[in-house]
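The values are calculated or read from the model by the stated rules, or taken from the named source; none is laboratory data. This is a predicted model, so every value here is computed, not measured. Heads up, the Cβs are rebuilt from the backbone with ideal geometry, glycines too, and the neighbour counts pull from every protein chain shown. Note: accessible area is taken over every heavy atom of the protein model, side chains too, but ligands, DNA and RNA are not part of it. Shrake-Rupley method; radii C 1.70, N 1.55, O 1.52, S 1.80 Å.
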Amino acid sequence: MPVLTVSTQPFPDQKPGTAGLRKPVSVFQQPHYLENFLQAIFDTCPELQGGALVVGGDGRYFNREAIGILLRLAAANGVTKTVVGRNGLLSTPAASLLIPQVKAKGGFILTASHNPGGINGDFGVKFNIATGGQASESLTNRIYERSKTLDRYLVLDDTTDIDLSRIGQQVLGPMQIDIVDPVTNYADTLEPLFDFAAIRTLLETPGFRMRFDALHAATGPYAIELFENRLGASHDSVAHAEPLPDFGGGHPDPNPHDAKDLVNLFMQADAPDFGAASDGDGDRNMILGRGVVVSPGDSLAVLTANAHLIPGYRSGLLGVARSMPTSHAVDRVARQLGIPCYETPTGWRFFCNLLEAGKITLCGEESFGTSSNHAREKDGLWAVLFWLNLLAARGQSVQEILTDHWQEFGRDYFQREDYFIAENATAQDLMQNLEARLPRLPGTRVQGIQIESADSFSYRDPVDGSESHNQGLRIITGDGGRIVFRLSGTGTRGATLRVYLERYEPDSARHATPAGTMLGSLSEAAREIARLPQVGLSRPDSVT
Ligand code: G16
């Protein structure tokens with residue numbers, strides 16, 4: 001086999017973040033940059049030799065070129081077969097499901113998720129293991145260590161053009177390439193989990209309207225297949241369905257800040273009955289009803305409380321998990337159901353061990369991610385189907401379901417405030433200084449709020465015993481509230497400080513009060529505690 005060994009220099013900045021390596025497109029376009037990172041993965045995972053790989057991406061700018069490079073490196077590193085989504089497209093959940101289904105040794109998902117795309121946007125590479133789950137923290141660290149000493153990569157000396165649009169088998173040197181329809185397998189996997197007949201009846205009810213906004217990202221073709229083709233939703237139900245390399249210039253993140261148009265639509269009196277959106281690679285979801293956006297913590301809690309109504313989950317739940325900054329709403333439901341509830345650091349990879357060990361059935365995060373043990377990634381369209389099935393089974397609107405839920409369990413008001421900080425070093429200093437002050441906070445009052453305790457969150461994985469430290473700073477207040485500070489691990493420029501605010505309200509007479517009102521003083525307290533105005537951060541850049 002004609003393999004070239006190309007000399008290279010290590011790049012010092014190839015440390016993956018919360019989910020893979022994400023950088024501006026221009027960084028990935030530097031000579032050898034992508035090749036180096038891929039080679040670091042092949043060197044760290046010798047099990048990929050002689051096996052199959054799944055490859056696909058969210059269709060963002062540089063997706064096709066990157067796949068071309070990846071295929072040549074894979075062939076040179078002994079991969080015998082790659083399964084590639086047609087036109088290089090695979091949503092993250094679809095790729096994750098495909099990996100174990102085709103018995104691949106792993107998969108490469110080319111995505112920067114919710115980060116903007118286009119030539120001036122971001123690109124990213126995620127490596128998932130044979131279970132379909134994200135690489136663990138220790139594997140990610142080993143890949144990073146390898147990237148720091150890499151001085152060569154292997155590439156097939158063969159520039160045969162692979163036609164990514166043609167479903168079927170092709171070859172590249174000794175490697176077989178199977179181009180597959182990215183949608184059918186995914187839709188076939190999800191369908192048996194839900195009562196499609198009941199959802200179809202709901203969607204065909206005269207006057208019922210839904211709107212799913214694919215934000216010109218990966219989920220468009222999947223949503224059309226599921227909602228319009230299989231479930232009979234009207235043909236205007238899926239908006240912005242065509243995946244575009246720059247996502248149509250938008251920010252493909254389903255949250256009230258970035259998907260403002262959709263939120264505004266649902267605040268109108270004549271809004272559709274049900275709405276949802278997903279992100280660049282299809283793993284996040286936001287659920288809306290007329291006049292209401294469901295907060296991610298509430299969504300997880302509602303799904304847990306109602307799982308017995310859904311065919312795939314009728315036999316009960318093993319347990320649930322949420323990331324630490326996610327609201328405690330699901331904890332109350334788990335307590336009532338008598339099932340375990342785990343609290344993990346931010347990052348889906350921390351759920352994977354729990355899922356694999358059969359400890360949990362559902363899990364979710366504050367960053368608009370939810371999923372179940374059907375996959376090892378979060379799954380945006382799965383959550384949308386779950387909610388539709390719930391609407392059909394309960395015969396209620398989104399607002400009615402939420403109101404009933406709060407009535408029974410109380411309401412966990414939740415909001416995330418993001419502060420953009422231009423200099424990374426400023427952000428690191430801010431966190432270090434705050435951490436140093438934590439021991440002095442308990443017993444003090446800030447903005448009239450009593451502080452009960454404060455710590456830095458550490459996690460011990462109950463399956464493999466591995467420990468993760470410095471996973472966010474927590475302040476617990478006397479009125480059932482909590483403030484969490486952490487730095488985002490998915491940005492590519494400067495730093496983003498995330499401040500998560502939460503407050504429990506058992507009294508249903510107060511459940512209609514807007515979150516901003518309920519959390520106003522906690523927000524002020526957070527700014528004072530972290531001394532944000534002193535570094536010019538007097539107001540958040542976004543609130544979701
Ligand atoms: C990624 C991870 C999620 C995590 C999120 C946090 O999401 O997959 O598990 O919750 O990052 O983002 P940040 O560190 O910016 O708060 P995604 O959708 O970008 O893959």
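Given R0 = 51 Å, the distance between the Cβ atoms of Gln176 and Arg445 translates into a calculated FRET efficiency of 0.15. Averaging the Cα positions of each part gives two centres, and for the range 470-544 and the range 275-328 these lie 22 Å apart.
Taking the protein heavy atoms of the chain in the context of the full set of protein chains, the accessible area attributed to carbon and sulfur is 48 percent at 1.4 Å.
Computed extension gain for Leu4 through Ser468, at 0.36 nm per residue and net of the alpha carbon distance, reaches 163.1 nm. Taking label positions 7 Å along the Cα-Cβ direction at both Ala509 and Glu191, the computed distance is 5.2 nm, reported to one decimal. Listed by chain and number, the aspartates and glutamates whose C-alpha is less than 14 Å from the C-alpha of Lys15, apart from same-chain residues fewer than 8 away, are Glu137, Glu145.
A dipole drawn for the range 467-527 from +1 and -1 charges on Cβ atoms has a positive end, and of Ile476, Leu487, His511 the residue lying farthest that way is Leu487.
Among the chymotrypsin sites (Phe, Trp or Tyr not before Pro) in the range 345-395, none is located in a DSSP loop while being surrounded by at most 13 other Cβ atoms within 10 Å of its own Cβ.
Kindly identify the range 1-142 as rounded, prolate or oblate by the Cα gyration tensor criterion: order the square roots of the eigenvalues as a ≥ b ≥ c, call it rounded if a/c is under 1.5, otherwise compare a/b with b/c, prolate if a/b is larger, else oblate. Since a/c stays below 1.5, the shape of the range 1-142 is classed as rounded.
Taking every protein chain into account, the accessible area of the chain amounts to 37 square angstrom per residue (probe 1.4 Å).
Once the Cα-Cα distance is subtracted from the 0.36 nm per residue extended length, the His308 to Gln30 segment shows a gain of 94.9 nm.
Of the chymotrypsin sites (Phe, Trp or Tyr not before Pro) found in the range 420-499, not one falls in a DSSP loop while having at most 10 other beta-carbon atoms within 10 Å.
When exposed loop sites are taken as GluC sites (Glu not before Pro) in a DSSP loop with at most 16 other Cβ atoms within 10 Å, the longest stretch of the chain clear of them is 205-422. Are there trypsin sites (Lys or Arg not before Pro) in the range 122-182 that DSSP puts in a loop and that have at most 11 other Cβ atoms within 10 Å, and which ones? Passing sites in the range 122-182 are Arg166. When only the Cβ of Lys, Arg, Asp and Glu is charged (+1, +1, -1, -1), the dipole of the chain relative to its Cα centre reaches about 760 debye.
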